[in-house]
Amino acid sequence: MAFRLSKAVIPAAGLGTRFLPATKAMPKEMLPVVDKPAIQYVVEEAVAAGLTDVLMITGRNKNALENHFDRVAELETTLEKKGDTDKLQKVNFSTDLADMHYVRQGDPKGLGHAVLRARMHVGREPFAVLLGDDIIDHRDVLLSRMIEVQEQRHASVVALLEVDPSVAHMYGIATVEATDEEDVVKINGLVEKPSPGTAPSNLAIIGRYVLRPEVFDVLETTAPGKGGEIQLTDALQEMANGPSWTGGVYGVVFRGRRYDTGDRLDYIKAIVQLAVEREDLGPELRPWLRDFAADLD
Ligand code: UTP
């Protein structure tokens, strides 16, 4: 029987400096997007793609992450006594969502360094990496498609999104060639945060990866890159051009809805976008937003 990918790694050990002071004592992954912490959307996405074994890479100030996916006995008892089954269900949902594991990164030396901390847990299997900064709309398929492409091509797979050239310097950017599948490209080169005006394309890596375990061997020897951090993009660049044992890298071009919660302005936009579509909030929020926008001028 074919091997089914089952492990997801979620790096959540970054310092979240763009959200200070909110992130002084609280992880940025716990910031609420409407009424759920950003990290819960990401874990739900992994589980929906069949990845129920979740390893989170955490660091200092990250206890809230573990607590969120654990039981809170006194809260459960209080809600039970009140007969508030609706709220009790919401509490239990995140507790029972996945088989959660945690490992600390120590010093936040970069995304590549964080991923390398997953080596023992993952072993020699392909695995997914999901970043909490990107929320993919649950109605659009991305991760399952990436897993499918990984299984067919036996390569590592990144998610790509067409971005405006003016923001390309904020992403890892790919040089690609077409394949026989419309949404799949072969990656020939990757560059992390190219200087403005030098990006080789407008295809940016977004925070979803399905990787071969050989990435760990490459990361072991990846030198610090942009910002003095060990960059996952640099390791993938080596795999895209490197020796055949690394398996090569493909990209799945995503054309669905993605909400960027990594910086403050995009975070605010993400909350508004998701809230207007909610059945419980949208009907009241939409007319209010229209009036508010009309008054702005
Ligand atoms: P970011 O660069 O967006 O996160 O990393 P950050 O460093 O926390 O953010 P700012 O720029 O200071 O505001 C992308 C993802 O990689 C994780 C982060 O937690 C985030 O999910 N990461 C980054 C780590 O786990 N460890 C690191 O050393 C760096």
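The values are calculated or read from the model by the stated rules, or taken from the named source; none is laboratory data. Since the model is a prediction, treat every value here as computed from it, not as a measurement. Methodologically, a virtual Cβ is constructed for each residue, glycine included, from the backbone with ideal geometry; neighbour enumeration extends over all protein chains shown. When the accessible area is computed, the model is the full protein with side chains, heavy atoms only, and any ligands, DNA or RNA have been set aside. Shrake-Rupley method; radii C 1.70, N 1.55, O 1.52, S 1.80 Å.
I'd like the full set of residues that are touching a Ser or Thr at 6+ places or on another chain (Cβ under 6 Å) and surrounded by fewer than 21 Cβ atoms within 10 Å (Cβ to Cβ), limited to the range 202-229. Result: E214, single match.
Let's see how each residue does on (1) open to solvent by 40 Å² or more (accessible area, probe 1.4 Å); (2) within 12 Å of the ligand (Cβ to nearest atom); (3) assigned to a helix (DSSP H, G or I):
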residue	(1), (2), (3)
L51	no, no, no
M56	no, yes, no
T77	yes, no, yes
K81	yes, no, yes
D86	yes, no, yes
T95	no, no, yes
H101	yes, no, no
H113	no, yes, yes
R124	yes, no, no
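Counting the residues of the range 6-19 that are in a loop (DSSP other than H, G, I, E, B), within 6 Å of the ligand (Cβ to nearest atom) and open to solvent by 20 Å² or more (accessible area, probe 1.4 Å) gives 2. Looking at A22, A64, just one residue is of a type in the set (A, V, I, L, M, F, W, C), within 16 Å of the ligand (Cβ to nearest atom), open to solvent by less than 40 Å² (accessible area, probe 1.4 Å) and at pLDDT below 95, and that residue is A64. Applying the criterion of being touching a residue at least 24 places away in the same chain (Cβ under 8 Å) and surrounded by 14 or more Cβ atoms within 10 Å (Cβ to Cβ) to the residues of the range 272-290, the residue that is farthest from R139 (Cα to Cα) is L281.
Within the range 166-201, the residues that satisfy the criterion of being in a strand (DSSP E or B), hydrophobic (A, V, I, L, M, F, W, C) and open to solvent by less than 60 Å² (accessible area, probe 1.4 Å) are I173, A174, V176, V184, V185, I187, L190, V191.
All of V47, V72 fail the test of being touching a residue at least 40 places away in the same chain (Cβ under 8 Å) and away from the ligand (no atom under 16 Å from the Cβ), apart from V47.
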